[in-house]
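In what follows, a structure is listed as structure tokens, so that the remarks can point back to it.
The values are calculated or read from the model by the stated rules, or taken from the named source; none is laboratory data. As the structure is a computational prediction, the values presented were derived from the model and not from experiment. Note: ideal-geometry Cβ built from the backbone for every residue, glycine included; neighbour counts use all protein chains shown.
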């Protein structure tokens, strides 16, 4: 089963930074591998965000984190 609520980033370094940003805002996340069939570029890491997904995406964009794509609330991009 494919996980939903994934925020795809371009590297493990970006994933670690994004996790820290979300943690400071009280949003729990977990670094996971991006499903192979969704992999566009980079080394294939995503953040799994079980709740507050839309807020998490907004926070990361505001913080300047480059998001490669998302899988979750509101569909895939």
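Brief remarks on what is shown
- Taking residues in region 58-76 that are farther than 20 Å from residue 44 by Cβ, and partners anywhere that are modelled with pLDDT of 90 or more and part of a helix (DSSP H, G or I), the pairs with Cβ atoms closer than 6 Å and at least 6 places apart or on different chains are 63/21; 73/53; 73/54.
- Flag for residue 17 being modelled with pLDDT of 95 or more, over 10 Å from the mean Cα position of the chain (by Cα), assigned to a helix (DSSP H, G or I) and closer than 19 Å to residue 73 by Cβ: no
- Scanning region 31-65 for residues that are at pLDDT below 90, at negative phi and part of a loop (DSSP other than H, G, I, E, B) yields a total of 6.
- Where a residue in region 1-30 is at positive phi and free of Cβ contacts under 8 Å to residues at least 60 places away in the same chain and its partner, wherever it lies, is surrounded by 14 or more Cβ atoms within 10 Å (Cβ to Cβ) and assigned to a loop (DSSP other than H, G, I, E, B), with Cβ under 9 Å and at least six apart: 26/52
- Evaluation of residue 8 against the conditions (1) part of a helix (DSSP H, G or I); (2) within 10 Å of the chain's Cα centre (by Cα); (3) at pLDDT below 95 shows that the sole unmet condition is (1).
- Flag for residue 27 being assigned to a loop (DSSP other than H, G, I, E, B) and either at pLDDT 95 or above or out of contact with any helix residue (DSSP H, G or I) (no Cβ under 9 Å at 6 or more places or on another chain) (or both): yes
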